[in-house]
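Everything on this sheet refers to the single structure shown next.
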Amino acid sequence: MADTRFFHKVEGVTLAEIAKIGEMQLPTDADGTRLFTDVASIDQAGPSEVSWAFIPAMREALSHTKAGAVIVPEKFLEYVPSGVIALVAQDAHRAYGLVASAFYPRTVEAYISPKANIDETAVLGEGCRVEAGAFIGKNVVLGARCDIRANAVIEEGVRMGDECTVGANATVSHCLAGNKVYIYPGAHIGQDGFGFAMSAKGPAKVPQLGRVIIGDDVEIGSSTTVDRGAMGDTVIGSGTRIDNLVQVAHNVKLGRCCVMVSQVGIAGSCTFGDFVVAGGQVGFAGHLNIGTGAQIAAQSGLMEDVPAGAVLMGSPAVPHKEYMRQVIAVRQLAKKK
């Protein structure tokens with residue numbers, strides 16, 4: 001059980017509700033009215049708790065679990081003990097996430113701290129929470145049930161939709177955001193991009209006159225920076241997940257449901273299709289086009305456009321099979337020497 005000092009938990013969820021929420025079929029012989037009280041790990045779950053197993057390393061623990069119900073892929077059915085309800089999911093990890101969120105839903109207790117600084121022209125939707133030290137500037141518009149944490153700064157003119165969260169010490173400026181956007185503590189959105197004209201006289205500042213446009217259901221991790229556009233906008237597509245410590249430069253455009261893992265660096269004016277995944281510490285040179293569904297392995301360096309569906313590794317990045325041949329060839333040369 002999660003520590004309820006930190007997480008709000010509902011009293012119980014029926015088996016039928018669990019199956020529906022997790023996009024699973026309720027077994028025909030199961031009692032849909034049976035109440036479950038929590039989720040728990042496979043080796044600690046009891047009869048009133050739901051657990052999950054979806055990787056081979058969990059099969060042994062699954063075969064001995066005392067859970068009341070388990071979320072599993074079909075190929076794990078043979079490991080489910082007698083008396084334990086098997087909830088078969090096409091994507092067991094996703095199903096568990098949906099079910100756990102039902103037991104531990106996002107909650108925002110409406111509250112405006114007297115120590116918050118909110119401009120009189122700002123408009124806050126119903127049920128918002130604004131904690132001590134937060135600053136909300138002129139003509140800001142927030143939707144319903146937004147959660148603005150301690151010392152967060154939302155600068156003039158920003159607009160955010162319903163159920164958005166701005167973490168402690170985060171800053172947001174020059175930004176239009178959709179619903180359910182989560183900006184983690186210490187992230188910075190909408191500041192100047194690295195815009196300088198270089199010459200023999202030294203760097204001259206180029207005004208950054210664009211915005212940051214964020215779609216719905218986007219998460220931006222702690223200490224990540226998203227620069228506003230220089231001319232035009234930086235765009236983060238709906239459903240995208242950006243990890244901690246990522247740099248998104250001016251005029252970058254990320255498509256829907258992209259995933260950028262920690263320490264990725266994206267130089268200015270790169271354009272990404274949908275569902276692009278980049279592992280940790282990947283570096284993108286400026287003005288690249290990254291095709292839909294491309295997968296980039298950790299620590300790769302990208303200097304050329306990437307076609308849709310490509311799987312790349314290395315620095316400079318090459319198709320993963322070519323990279324593995326290079327590694328094998330180098331190893332063979334080393335052995336000969």
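The values are calculated or read from the model by the stated rules, or taken from the named source; none is laboratory data. Because the structure is predicted, anything quoted here is derived from the model rather than measured. Keep in mind that these areas ignore ligands, DNA and RNA; they rest on the heavy atoms of the full protein, side chains included. Shrake-Rupley method; radii C 1.70, N 1.55, O 1.52, S 1.80 Å.
What to note about this one:
- Among [x] 16.0; [y] 23.4; [z] 19.2, the entry derived from the coordinates for mean projected area of the Cα convex hull in nm²: [y]
- Near the amide H of A294, within less than 5 Å, lie the amide hydrogens of V277, G309, A310, all on another chain or at least 5 residues away, with H placed in the peptide plane.
- Gaussian network model of the chain, springs between alpha carbon atoms under 10 Å - residue of D216, D31, D192 with greatest fluctuation: D31
- The chain: calculated mean residue ellipticity at 222 nm from DSSP helix runs of at least 4, using -39500 (n - 2.57): -3500 deg cm²/dmol
- Cross-linked pairs K180/K205; K115/K180; K20/K253; K9/K180: Cα-Cα separations exceed 28 Å for K180/K205; K20/K253.
- With all protein chains in place and a 1.4 Å probe, the accessible surface of the chain carries 54 percent carbon and sulfur.
- If both residues of a DSSP beta bridge must be in the chain, then about 10% of such bridges are antiparallel.
- GNM remark for the chain: springs join alpha carbons under 10 Å apart, and the peak mean-square fluctuation among G193, G202, G301 falls on G202.
- The spacing between segment 2-49 and segment 191-251, judged by their C-alpha centroids, is 41 Å.
- In sequence order, segment 45-61 has phi-based couplings of 5, x, x, 9, 10, 9, 10, 7, 8, 8, 10, x, 5, 9, 5, 5, 4 Hz under the Karplus curve 6.51 cos²θ - 1.76 cosθ + 1.60, θ = phi - 60°, and Gly or Pro positions carry x.
- Across S173, S51, S199, mean-square fluctuation computed from a Gaussian network of the chain (C-alpha pairs under 10 Å connected) peaks at S199.
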